[in-house]
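Colleague: The structure follows.
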Amino acid sequence: MEVNIGVTDRNVVSIFTRLGHCPAWRCLLDVKRKFKFAVLGSASCSEDSPETEKAYRIGHEVAIHGGVLFTGGCPGLPQAAARGAAAAGGLTIAVSPAMNREEHGATYHYPLESDVILFTGMGTRARNVVLVRSADACVFIGGGMGTLNEFTVAFDELTSKCAIGILAGTGGVTNEVDRLIALAGRPPRPHLVDDSDPAGLIRSLLDHLRKT
């Protein structure tokens, strides 16, 4: 399923009206809340890397615990997580920076594997804000400047009811979290979890989310 949401309030209302007719989304919009996990990390990691395998396991764990997997629609680690979730029968949602399917593929060279693709037309940085704000928990795996941008949004804008998960030992931004917090001079508002084991990380995030 693909939806072009644009940036107006009217379009935001329209998307939820349209998604309400989709059985998969009825469960997402129902009062019986399904937790939403955004997986954020490098879009250029090789398919046979240890980080890719861990990202796949993160997605698989999200799905088997009944969560909904969100990504930015890009290849690399987020795509690996989406594949892991799909293999376990989970719902995968891509928040694309593109305006439409053609731009998503031809301009950004992003895959079309997710169950639902939301076309924001907002570019990557603004898309990141929508993606992070949509999540109950953000899971960070490796990553560079784009992932750093997503981390700063999560750090500042998610509430204490939400959570940030750091998959330790995956390099990149995840190796710098302690230093970033020290530079900020304060802890993040969301609950912070650090674990090198994908299953343990998702369990810890769920423990927090279920208490809120």
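Bear in mind that the values in this text are calculations on the coordinates, not laboratory data. Bear in mind that the values here come from a model prediction, so they are computed numbers and not experimental data. Cβ: placed from backbone, ideal geometry, glycine included. Neighbour counts: every protein chain shown.
Colleague: Excluding E176 itself, what net charge comes from residues whose Cβ is under 15 Å from its Cβ, given Lys and Arg +1 and Asp and Glu -1?
Modeller: -2
Colleague: Using Cα positions and a limit of under 17 Å, work out the aspartates and glutamates in reach of K36, with same-chain residues fewer than 8 apart set aside.
Modeller: By straight Cα distance, K36 reaches E61, D115, D136, E150, E157, D207.
Colleague: Please go through segment 105-212 and write out the trypsin sites (Lys or Arg not before Pro) that DSSP classes as loop and that have at most 15 other C-beta atoms within 10 Å.
Modeller: Hits after loop and neighbour filter: K161.
Colleague: Cβ under 14 Å from G90's Cβ, G90 left aside: what net charge do those residues give with Lys, Arg +1 and Asp, Glu -1?
Modeller: +1
Colleague: Residue by residue through segment 127-143, what is 3J(HN,Hα) from phi via Karplus (6.51 cos²θ - 1.76 cosθ + 1.60, θ = phi - 60°)? Round to whole Hz and write x for glycine and proline.
Modeller: 4, 4, 5, 4, 4, 5, 5, 7, 9, 7, 9, 10, 9, 9, 10, x, x
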